[in-house]
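> Below are the structure tokens for one structure; questions will follow.
The values are calculated or read from the model by the stated rules, or taken from the named source; none is laboratory data. This is a predicted model, so every value here is computed, not measured. Reconstructed Cβ throughout: ideal geometry from the backbone, glycine too, with neighbour counts over all protein chains shown.
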Amino acid sequence: MEKKELLHEGKAKRIYATEDETLVIQEFKDDATAFDGNKKGSITGKGEINCTISSILFEYLHSYHVPTHYVRRLEGNMMLIKKLDMIPLETVMRNIATGSLVKRLAFPDAKPLDYSIFELYLKNDDLGDPLINEYHAFAMGIARPEEIRSMYRLTAKINAILKSFMERRGLVLVDFKLEFGRDENGDLILGDEISPDTCRIWDRKTHKKLDKDRFRFDMGGVEKAYQEVLDRISNV
Ligand SMILES: Nc1ncnc2c1ncn2[C@@H]1O[C@H](COP(=O)(O)OP(=O)(O)O)[C@@H](O)[C@H]1O
Ligand SMILES: [Mg+2]
């Protein structure tokens, strides 16, 4: 499948058209951004590592009948995906308190949550991706009530699947972000990526951070940490 015109360039990926108008190519960049794009950098090899990690996780989710846009892995940092009409929302599921939960609501850092927390964010760079609830989404005409319900159900299912997948590999799934879209039949499908850019992942024994927090807080060893996640999830 060949790359045709560039349809969209985001902060971490590029989307290209293909000869099939229902399919697009997602190309993962080495570029990294954090704090609403205020911190910028590049992590050598990140694009290909994230593409591989995302591919493995999408394939694993397919085995549990989670609908995703993933079609197949292409060479290097590229993935063939179904073109979706993206819903400009991000769902977040949190199993352990950290990041904005600590800053905004004074949760003790690294506190395991007895009840996992589901959050909804509006994907809008100009507004700084604000936290919203489903009523905002309905009022803005972004998604229908049954779509938000499906997004919640799928996010919870994906959390259960990936949490135990990570646990068996000595990893803790702390929290993660997902994006959904509609396919040509209007069905809700998981899109975007699942990688250390979009999940927080810790080593179970040492709680060493193996995700984008290493970039956010200049902890060093970012590429090594991403490679470590890949190595652990590759060994079944
Ligand atoms: N299957 C898909 N079809 C069309 N667009 C998609 C699909 N999956 C993800 N996208 C969109 O492609 C872009 C991916 O690039 P990215 O660099 O992550 O963008 P951003 O800077 O907005 O986070 C995002 O806007 C995302 O919503
Ligand atoms: Mg993105």
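> Looking only at the stretch 4-27, filter to residues that are outside any strand (DSSP E or B) and loosely packed, with under 15 Cβ neighbours inside 10 Å; which one of those is farthest from ligand 2 (Cβ to nearest atom)?
Out of the qualifying residues, it is 19.
> For residue 195, are the conditions met, namely being in contact (Cβ under 8 Å) with a residue 40 or more places away in the chain, in a loop (DSSP other than H, G, I, E, B) and among the hydroxyl-bearing types (Ser, Thr, Tyr)?
Answer is yes for this residue.
> Here's another thing I want to ask about it. Filter the stretch 28-59 down to residues that are of a type outside the set (A, V, I, L, M, F, W, C) and in a helix (DSSP H, G or I) and give me whichever is farthest from residue 222 (Cα to Cα).
59
> Sticking with this structure for a sec: Got a sec? Which of 232, 169, 200, 214 is touching a helix residue (DSSP H, G or I) at 6+ places or on another chain (Cβ under 8 Å) and assigned to a helix (DSSP H, G or I)?
Sole residue among the options that is touching a helix residue (DSSP H, G or I) at 6+ places or on another chain (Cβ under 8 Å) and assigned to a helix (DSSP H, G or I): 214.
> Shifting gears a bit: Can you tell which of 37, 45 is out of contact with any strand residue (DSSP E or B) (no Cβ under 7 Å at 6 or more places or on another chain) and within 20 Å of residue 201 (Cβ to Cβ)?
The conditions single out 45.
> Then there's this: Just to check your reading of the model, which residue among 105, 122, 127 is outside the structural domain of residue 38 (by TED's automatic domain parsing), over 19 Å from residue 186 (Cβ atoms) and surrounded by 12 or more Cβ atoms within 10 Å (Cβ to Cβ)?
122
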